[in-house]
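Encoded as structure tokens, the structure appears first; notes follow it.
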Amino acid sequence: QVRLAQFGGGLVHVGGSLRLSCTASGDIFRINAMGWFRQAPGKDRELVVRVSTGAGGGSEYAEAVKGRFTISRDNAGNTIYLQMNSLKPEDTGVYYCYFNGQGPGSIGLWENWGQGTQVTVSS
């Protein structure tokens, strides 16, 4: 079983910054893709950024966050981060990390979501 634990979030004023982190643990073996999603009040969950770790893989940012948010990875700790700068009220929502990959031995593909963390940007 793969588990994801999120940290960060909170309340910040317009123009401020926050940093989220997410660490995967368990029967990981290999991570194939990872990213961040968010869900604003009354709306569906939407992509913030996702990254493929395979050959030729790259990152894909939502237009709404491009130039303001940055994803990074700590390979040794199976941890990803989301640095959020120049925050706007429309960035408010619950943020979720996401991983998928291959388990060890005969264990097949897995995927999991973090528990979610609230980000609130006040005007």
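The values are calculated or read from the model by the stated rules, or taken from the named source; none is laboratory data. Predicted model, so just to flag it, every value in this text is computed and none were measured. As a convention, Cβ positions derive from the backbone with ideal geometry for all residues, glycine included, and neighbour counts pool all protein chains shown. The accessibility values were calculated without ligands, DNA or RNA, using every heavy atom of the protein model including side chains. Shrake-Rupley method; radii C 1.70, N 1.55, O 1.52, S 1.80 Å.
At a glance:
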read-out	value
Accessible area (Å², per residue) of the chain, counting only protein heavy atoms and a probe of 1.4 Å	52 Å²
Net length gained if the chain between Q102 and S86 were fully extended (0.36 nm per residue, minus Cα distance)	2.2 nm
Kirkwood hydrodynamic radius of the stretch 39-94, Cα pairs, Å	12.7 Å
Low-density loop cleavage sites - trypsin sites (Lys or Arg not before Pro) in the stretch 1-108, where at most 11 other Cβ are within 10 Å (DSSP)	K43, K66
Bins of 5 Å, starting at 0 and running to the largest distance - Cα pair percent for the stretch 16-58	5, 14, 19, 22, 21, 11, 6, 1
D (Stokes-Einstein, µm²/s), Kirkwood Cα radius, the stretch 80-123, 1.567 mPa s at 4 °C	101 µm²/s
Accessible surface of the chain, 1.4 Å probe, proportion on carbon and sulfur as whole %	49 percent
Beta bridge orientation in the chain: antiparallel %, DSSP, nearest 5	90 percent
Using alpha carbons only: equivalent-ellipsoid semi-axes of the chain, gyration tensor based, whole Å	27, 14, 12
